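*Asks:* Have a look at this one.
The values are calculated or read from the model by the stated rules, or taken from the named source; none is laboratory data. Keep in mind it's a predicted model, so treat the numbers as computed, not measured. Reconstructed Cβ throughout: ideal geometry from the backbone, glycine too, with neighbour counts over all protein chains shown.
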Amino acid sequence: MHIQEWLETIPAVSVYLLVGLVIGLESLGVPLPGEIILVSAALLASQQGHIDPVVLGACAIAGAIVGDSIGYAIGRRGGKPLLERLGRRFPKHFGPQHVALAERSFEKWGMWAVFFGRFVALLRIFAGPLAGVLRMPYWKFLIANVLGGILWAGGTTAVIYTVGVVAEPWLKRFSWLALVAALLIGLAVTLVLRARMRKAAAAARESESAPAPAPAAVSD
């Protein structure tokens with residue numbers, strides 16, 4: 001059964017709680033399809049009057065902010081060993097190449113990696129725990145977390161809801177085109193992320209294997 005069809009069978013309150021819970025768990029580091037759940041629920045809200053898009057967006061925002069904050073606390077407490085344990089348990093999501101890409105993003109962008117990470121599936125899982133592991137000041141993390149959560153969760157809900165209301169008749173007639181477009185976009189994003197992860201992992205290996213520079217000679 002499709003996610004949207006399943007969501008139609010449960011009460012509105014359960015939809016709100018489910019969206020907040022899944023997004024919250026994904027944000028604290030559990031690899032769950034938070035974006036798929038949110039998009040499906042927003043589309044459902046555009047077609048079913050009993051689901052309020054404002055309440056839905058608020059629950060998604062709350063789940064994103066709270067989940068990321070818990071992930072930060074877990075990462076700050078667990079440190080690097082936490083990432084190693086997650087890598088052994090979820091190698092497809094927390095493997096060395098994933099960690100290398102996320103760490104490079106944080107080193108380059110700092111708190112902006114938390115903000116923009118909301119819009120990238122891989123970084124959305126990593127942002128909270130990795131910010132804690134890297135000891136990012138909490139006030140910086142909180143600002144980026146709140147702003148990113150509001151823009152991503154609230155913006156996604158608003159955009160998908162509006163598109164669903166406007167395009168529902170067209171999508172019913174040409175749903176297969178929408179499916180093909182979604183598959184192509186998803187494939188392209190996956191290929192780009194995999195290429196970046198391989199590059200980040202190779203760079204990390206080179207930096208580890210590079211010999212340390214020789215000490216400069218001291219002149220008399």
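*Asks:* Could you check ALA203 against (1) surrounded by fewer than 15 Cβ atoms within 10 Å (Cβ to Cβ); (2) in a helix (DSSP H, G or I); (3) modelled with pLDDT of 70 or more; (4) touching a helix residue (DSSP H, G or I) at 6+ places or on another chain (Cβ under 8 Å) and say which number it fails?
*Replies:* Unmet condition: (3).
*Asks:* Here is a follow-up. Tally up the residues in segment 132-159 that are without any contact (Cβ under 8 Å) to a residue 60 or more places away in the chain, under 16 Å from ILE70 (Cα atoms) and under 14 Å from the mean Cα position of the chain (by Cα), please.
*Replies:* 1
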